[in-house]
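Below: the structure, in structure tokens.
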Amino acid sequence: MTNTPHAMIELKNVRKTFGEFIAVEDLSFSVAEGEIVALLGRTGAGKSTVLNLVMGTLRVDSGSIRVADADPYHDFRALRGRIAVSFQTDRLLPWRTAVENAELGLLILGVKKAEARRRALDWLARVKLTGAEDKYVHELSGGMRQRVSLARALAVDPKIIFLDESFSQLDHVTAKTLRTDFLRIAKEYGKTCLFVTHRIADAIEIADRALILTKGARIALLETITEESRNDAGALTALHDRIAAAMGGADDDDEEDDREAATP
Amino acid sequence: MTAGSVKTTSPPVPVASGMIGRPRKPANTEARRDLIATTIVVVVMIVAMQIASAYVPDYIMPAPLNVLESTKELLLNDKTHIFVTLARLAVAVVFSMFAGIIIGGIMGTVGALRPILRAVIIIDTGIPALSWMLVAVFWFRDAETRIFFILTVILLPFYALNVYEGIRALPRDFVDMVESFRPTRWQVLRYLIIPHIVPYIFLTTRSVIGYAIRMAVFAELVASAIGIGSRMSLAQSTFHIDRVFAWTFLLVILNFALQAGVGALEKIALKWRPEVEVR
């Protein structure tokens, strides 16, 4: 008997078009339980379409998608509380304080107000926001807002977390700290994670595997990233170069990050 | 609820960081400045009235002291009429607000009904207030029903249209974020749409309050035997111009008080909103 890990996200021969435009062409991959997979690609590679398909906000033309053993589009409500999303921008509701934003998902899931507040406060502490609980959104810095957004996603205790360019709007130092914190939390609680990014540095730092997509969401490269490759300067540079070549070059804006990532 | 059911545009409320402008001056400084300006205008008006009253007969321009005396009299003897007008105004504004929120909400979230409701609202706003007043006299026997009807048909479209605009201005990002938790339709309404439209409701109330007072008085003049409007009509027909001025003075004070009340409520309800001053 083989001991194959259970696939939490599974795409089989997925195709999605918008009119004449083929956004996703015959895409298949899976993400095992507790695994962090990065979807890398340049703008227009189809990353966001794949994420929207997996989140159930778009319907596939053909092929199949299973997320936590459910069809994310047709069984939209079945994934209630089992998935959460951390977006590129924090998307905090300005009329709610930090803690009220963090508890929003819990309240939607029907958790009692007192329990939701307790869990939200707990998660704000874990993302190092103790003392900022009662601040309104405009009183928080960009990094703090992104942390609240992360706390909101993690507070519902989802099996699967989707990260949509979650760190790309932050400055390098804040982004790095937040990535480290996220990785610690994700590994500690065994979260499965699909991480969409165009920044090689982000992917190398937190992903177990990197899936590099080119136009039409075709898989150009599949790389397994190990601790050894992260800690070995030569291996890291080679890994970075392979990914950059598969993507058709790293974005100029991100070269500094990428150079940093290539240094163990 | 599917994401497609809510029309969205850009975020309406910018946050403080990165915003063009500078923090607003302390509220008390601004209030003091407003008070000084208002006092100057009032003093100039009183002086102008005093000068004019020396040159024209009393029934054209009464002296300010006579108006003050009449105001005192009205406050002592005609309080009931003030309360009646206030009660009519309050009932009509509150009803128009709730009905407007419901209609605007339906316009913003139910695509199939939007064109019909919008057409009704646009036609309503095109009908002159005087037409409604005359029609109300024919349609309803009871004075209260007449005034309630007149005020409602005039005020409701403002609320409906502004609430609809508020829903249209709901940022797509917020909708996607809330929908990622797979909420019910009621939860979308409770956690997203209702808090988002609160500033639009306050804005509408502040905008219509002065207009509503004028319409209430006008409606009373046409359709009722009690209330400030009817007393003004009586003062005019008995050549008590000082009382007409006194009622007008009281109406201005009433408008100030209501605006201040709504402003205070707004400050409490929208304490989350950063205040800025554009250079």
query = For chain B, with every protein chain kept in place, what is the accessible area per residue (1.4 Å probe, Å²)?
reply = 55 Å²
Separation between Cα centres of the range B:96-146 and the range A:177-207, rounded to whole Å = 54 Å
query = Using alpha-carbon pairs under 8 Å, 6+ residues apart, how would you state the relative contact order of the range B:8-277 in percent?
reply = 31 percent
Highest-fluctuation residue, B:ARG243, B:ARG172, B:ARG231 considered, GNM on chain B with Cα pairs under 10 Å = B:ARG172
query = Which residues of the range A:131-156 end up with at least 50 Å² less accessible area in the presence of all protein chains than when their chain stands alone, using a 1.4 Å probe?
reply = A:TYR136, A:HIS138
ask   = Is the shape of chain B rounded, prolate or oblate, going by the alpha carbon gyration tensor and its root eigenvalues a ≥ b ≥ c, with a/c under 1.5 for rounded and a/b larger than b/c for prolate?
value = oblate
request  = Starting from the Cα-Cα distance between B:GLU30 and B:SER131, subtract it from 0.36 nm times their residue separation and give me the gain in nm to one decimal.
outcome  = 32.3 nm
key: Apportionment of accessible area to carbon and sulfur, the range B:8-277, percent (1.4 Å)   = 70 percent
note = With a 1.4 angstrom probe the carbon and sulfur portion of accessible area for chain A, in percent, totals 49 percent
query = When ligands, DNA and RNA are left out and all protein chains stay put, how many square angstrom of accessible area per residue does chain A have with a 1.4 Å probe?
reply = 41 Å²
message = From the helices alone, meaning DSSP H stretches of at least four residues, give me the mean residue ellipticity at 222 nm for chain B, per-run term -39500 (n - 2.57), in deg cm²/dmol to the nearest 500.
response = -25000 deg cm²/dmol
inquiry  = Checking the a/c ratio against 1.5 first, then a/b against b/c, what shape does the Cα gyration tensor give for chain A?
reply    = oblate
request  = Give, rounded to the nearest 20 debye, the magnitude of the charge dipole that chain B has about its Cα centre when Lys and Arg contribute +1 at Cβ and Asp and Glu contribute -1 at Cβ.
outcome  = 840 debye
ask   = Fully extended, how many nm does the chain gain between B:LYS79 and B:ASN255 (0.36 nm per residue separation, minus their Cα-Cα distance)?
value = 61.7 nm
note = Note on the range A:92-157: contact order normalised by length, alpha-carbon pairs under 8 Å, 6 or more apart, percent, works out to 49 percent
task = Over both sides of the B-A contact, add up the buried accessible area with a 1.4 Å probe and give it to the nearest 100 Å².
result = 2400 Å²
inquiry  = Suppose R0 equals 45 Å. What FRET efficiency, 1/(1 + (r/R0)^6) with r the Cβ-Cβ distance, do A:ASP171 and A:HIS74 give to the nearest 0.05?
reply    = 0.65
key: Of A:LYS159/A:LYS187; A:LYS112/A:LYS159; B:LYS72/B:LYS267; A:LYS176/A:LYS215; A:LYS16/A:LYS187; A:LYS135/B:LYS271, pairs whose Cα-Cα distance is over 23 Å   = B:LYS72/B:LYS267; A:LYS176/A:LYS215; A:LYS16/A:LYS187
request  = State the extension gain, in nm to one decimal, for the chain segment bounded by B:PHE239 and B:ALA37, taking 0.36 nm per residue of separation less the distance between their alpha-carbons.
outcome  = 69.4 nm
task = Determine the shape class of the range A:100-204: with a ≥ b ≥ c the square roots of the Cα gyration tensor eigenvalues, call it rounded for a/c under 1.5, and otherwise prolate if a/b is greater than b/c, oblate otherwise.
result = oblate
Heavy-atom accessible area, 1.4 Å probe, ligands and nucleic acids excluded: residues of the range A:68-102 down by at least 30 Å² from chain alone = A:PHE76, A:ARG77, A:ARG80, A:ILE83, A:PHE87, A:ARG91, A:LEU93, A:PRO94, A:TRP95
ask   = Amide H of A:LYS128: which non-local residues (sequence gap of 5 or more, or other chain) have their own amide H closer than 5 Å, using H built in the peptide plane?
value = none
inquiry  = For the range A:92-157, take the convex hull of the Cα atoms, compute a quarter of its surface area, and give me that in nm², please.
reply    = 3.7 nm²
ask   = What size of dipole, in debye to the nearest 20, comes out for the protein assembly as shown about its Cα centre when the only charges are +1 on Lys and Arg C-beta atoms and -1 on Asp and Glu C-beta atoms?
value = 1560 debye
query = Span-like helices, chain B: DSSP H, alpha-carbon axial extent 30 Å or more, mean Kyte-Doolittle 1.0 or greater, which ones?
reply = B:27-55, B:79-109, B:143-168, B:194-223, B:241-269
remark   = Expected integer from the mean partner chain Cβ neighbour count at 10 Å over B:169-178 is 4
ask   = Just which residues of the range A:104-118 lose 50 Å² or more accessible area with every protein chain there, against their chain alone, with the probe set to 1.4 Å?
value = A:ILE108
Histogram of C-alpha separations across the range A:1-128, 10 Å bin width, % = 11, 33, 31, 20, 5, 0
key: Using θ = phi - 60° and Karplus 6.51 cos²θ - 1.76 cosθ + 1.60, couplings along the range A:204-213 (whole Hz; Gly, Pro as x)   = 4, 5, 10, 8, 7, 9, 10, 10, 9, 9
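The values are calculated or read from the model by the stated rules, or taken from the named source; none is laboratory data. Computed from a prediction, not measured in an experiment: that's the story for all the values here. Glycine also receives a Cβ, built like all others from the backbone with ideal geometry; neighbour counts cover every protein chain displayed. These accessible areas exclude ligands, DNA and RNA; they are computed on the full protein's heavy atoms, side chains included. Shrake-Rupley method; radii C 1.70, N 1.55, O 1.52, S 1.80 Å.
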